[in-house]
Amino acid sequence: MDLSNENVIHIKKENIEYLQFKKLLEYPEIKHLYSLGITRDYRTAKANNEKIDIQKYNQAIQNYKDLCNEINEPPYTKVIKANQTHSDNIKIINQKQIDKNTENKKIETAQNADSLITNEKDIILATTNADCILFLLYDTENKVIANVHSGWRGTVQRIAIKTVQKMQKEFNSKPENIICCICPSIRKCHFEVGKEVKEIFQDEFKDIDLDKVIEETKPKEKWHIDTIEINKILLKRLGLKEENIIDSKICSVCNHNIIHSYRMEKEKYGLETAIIEKIN
């Protein structure tokens, strides 16, 4: 299976596969990729501080090391990963904040954050997903990167929009200079919800033509919601250029044989990861 299209390239090697966005590849100062493959899992922690199997943890660290080697950055111990609590919390990362013992920890988790931003080089920002949306952002003028995790709750909380606004406030980023790449995630075709969730979207997005993003299924009393399109509408309103919003156009559920999907794997679901780094 080859997931390459007009926006992404599917890289296949002997033991590893991943996607890269053609648009970001135009900027040599940026390294990035989105992992593929359900035999690899990038879970380095469990929810509610549950203990994780040490063997699985060590394998996840090795998986991150392999990915980082793909972007020519062997010091994989500088990976900073959002802990992802489906919040709208955003954290700015710099070298001074990085734990000096990160090398011993193998990977550092940014506590209480679903979005990470940095303007410093040699810091790898990471998020994970299994159907949720991951956004990779790059301000081409001020050389600021961000990595955003947005499940449906994150979309309702407008975390991608708040990340761009944080970039504006902290780094003087201008939306028209920002590239936003949308990684594989669940799409409208499979994001089916009940009345309660549908009403949450209706209450929050009264400023959007909901007929374009919410569709009742047959039989009724279930609805499909296009969270990708909602985010695109909001990003364009904020000032991002349409040509700079780059969608992978890949559904994680439709491609669950190569992309982890919570809806398909249920409680045994694994995680894919997106990483981005500025190297100069």
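Of all residues in region 52-71, those that are basic (Lys, Arg) have Cβ atoms under 9 Å from Cβ atoms of residues that are surrounded by 15 or more Cβ atoms within 10 Å (Cβ to Cβ) and in a helix (DSSP H, G or I), 6 or more apart or on another chain, in 65/76; 65/77. Residues considered: 236, 241, 218. Of these, the only one that is out of contact with any Gly (no Cβ under 6 Å at 6 or more places or on another chain) and touching a residue at least 24 places away in the same chain (Cβ under 8 Å) is 241. Tell me, yes or no, whether region 220-238 has at least one residue that is over 19 Å from residue 159 (Cβ atoms) and crowded, with 17+ Cβ neighbours inside 10 Å. Yes; the residues of region 220-238 include at least one that is over 19 Å from residue 159 (Cβ atoms) and crowded, with 17+ Cβ neighbours inside 10 Å.
Contact map, region 259-280: residues that are over 30 Å from residue 30 (Cβ atoms) paired with residues that are among the charged types (D, E, K, R), Cβ distance under 8 Å, separation 6+ or inter-chain. Pairs shown: 263/131.
The one condition from (1) more than 19 Å from the chain's Cα centre (by Cα); (2) outside any loop (DSSP other than H, G, I, E, B); (3) of a type in the set (Asp, Glu) that residue 229 does not meet is (1). Of the set (1) more than 25 Å from residue 255 (Cβ to Cβ); (2) modelled with pLDDT of 95 or more, all apply to residue 77 but (2).
Collect the residues in region 105-124 that are at pLDDT 80 or above and charged (D, E, K, R), keeping them in residue-number order. Answer for region 105-124, where residues must be at pLDDT 80 or above and charged (D, E, K, R): 108, 114, 120, 121, 122.
The values are calculated or read from the model by the stated rules, or taken from the named source; none is laboratory data. If you're wondering where the values come from, they're calculated on a predicted model, not measured in any experiment. Cβ sites come from the backbone with ideal geometry, for glycine too, and all protein chains shown count toward neighbours.
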